[in-house]
Amino acid sequence: MENVMSKLRNLDAYPKINEDFYSRTLSGGVITLASSIVMLLLFLSELRLYLHAVTESKLMVDTSRGETLRINFDVTFAALPCSILSLDAMDISGEQHLDVKHDIIKKRLDSHGNVIESRPDVIGAPKIDKPLQRHGGRLEHNETYCGSCYGAEAADEDCCNSCEDVREAYRKKGWAISNPDLIDQCKREGFLQRIKDEEGEGCNIYGFLEVNKVAGNFHFAPGKSFQQSNVHVHDLLAFQKDSFNISHTINRLSFGDYFPGVVNPLDGVHWTQDNPSGMYQYFIKVVPTVYTDVSGHTIQSNQFSVTEHYRGTEMGNLQFLPGVFFFYDLSPIKVTFTEEHISFLHFLTNVCAIVGGVFTVSGILDSFIYHGQKAIKKKMEIGKFS
């Protein structure tokens, strides 16, 4: 037994020095204190990394098919009334969403940007004071009101009981209303007067669109849109205006759900129009993104980059549609972000490396200072140090 103990004692890689041979110095104490502080700081830094998740990113080809793309927006137009502002969306597959109203909210704003809540966001309510019937006569007490669509009826029994109904019927036909005062419903509801009353107002429009996951565009522009000879047209004649101020602020624009760390480059962007009228275009490259947190919950979203361009025109010469256009295309590369915790063994390894590294470096530094002091002291004793 004693033989085994003796052999184990010979394997000791850490031979002990008798305390009688220790020499404690002031420099050694300072180095010990400094190295302990450094060691503690490095340990706390490593502990923080261990307790918090780290995000790993990876690129791969996007192989998803048949999905939809959600576009969230919140845009404020300082000088474009809500009554004339419309939203359209279309893509390269041919699908179109004209004059989108669902999942969209408009807020009328005064010239100072305050919300106006006194009147709803519609062109007046029908005033039934003997309106014109479809058959040409005036409404009598014993009749049910059925207004004329002025030739735009899809079927014989169709009725247009408001100015909005007539404008929608005309839009489906691809027609424009040149003078709303010639339409009984629009004249009764004060269509042109309402537009004049809202002169100088602004509009905040927000909501979301659900579109096909293919390249396309959506735009905010004045007037109702329709197709005429396969060309996208907006009915601007009804407003009897030569110019439209499309100055705007993008409060928020995102493609998909929010995830930690996402940066949307158009949030808070403001642009002021100097020309009488024009078209402002944003060209967006959408990058599909998948974010997975530490609990395994996955968020399917997107990031994007953007460039912009403005096309101005002269007063009264509307060569192209005034408005704000967002043209988007999708990247074939998908980015994945994965939150992960550092393993305990990795943490333990780093802590050991910190302790051992700091201890070794401080030992070398202490040895250098100690032996340097001894050499200087020895030379001073024999009178050779000057």
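Modelled spin-label separation between residue 173 and residue 153, with each label point placed 7 Å from Cα along the Cα-to-Cβ direction: 1.1 nm. Taking amide H positions as modeled 1.01 Å from N, with prolines and chain starts lacking one, the residues under 5 Å from residue 257 and 5 or more places away or on another chain are 302. Charge dipole of the range 161-226 (Cα centre as origin; +1 on each Lys and Arg Cβ, -1 on each Asp and Glu Cβ, all else neutral): 340 debye, rounded to the nearest 20. If you average the C-alpha positions of the range 251-269 and of the range 168-213 separately, how far apart do those two centres end up, in angstrom? Between the Cα centre of the range 251-269 and that of the range 168-213, the gap is 30 Å.
Listed cross-link partners 101/213; 106/334; 224/285; 224/334; 196/224; 187/224 are compared with a 25 Å cut-off, the Cα-Cα value being larger for 106/334; 224/285; 224/334. Just so you know, the averaged projected area of the alpha carbon convex hull for the range 65-112 sits at 4.5 nm².
Be a star and scan the range 332-354 for residues whose amide nitrogen sits under 15 Å from the point 7 Å along the Cα-to-Cβ vector of residue 370. It comes to no residues whatsoever. Using R0 = 30 Å, the C-beta based FRET efficiency linking residue 378 and residue 43 works out to 0.15.
Every number in this text was worked out from the coordinates using simple rules, so none of it is lab data. It should be emphasised that the depicted structure is a prediction, and the values quoted were computed from it without experimental measurement. Neighbour counts are summed over all protein chains in view; Cβ atoms, including those assigned to glycine, are modelled from backbone coordinates with ideal geometry.
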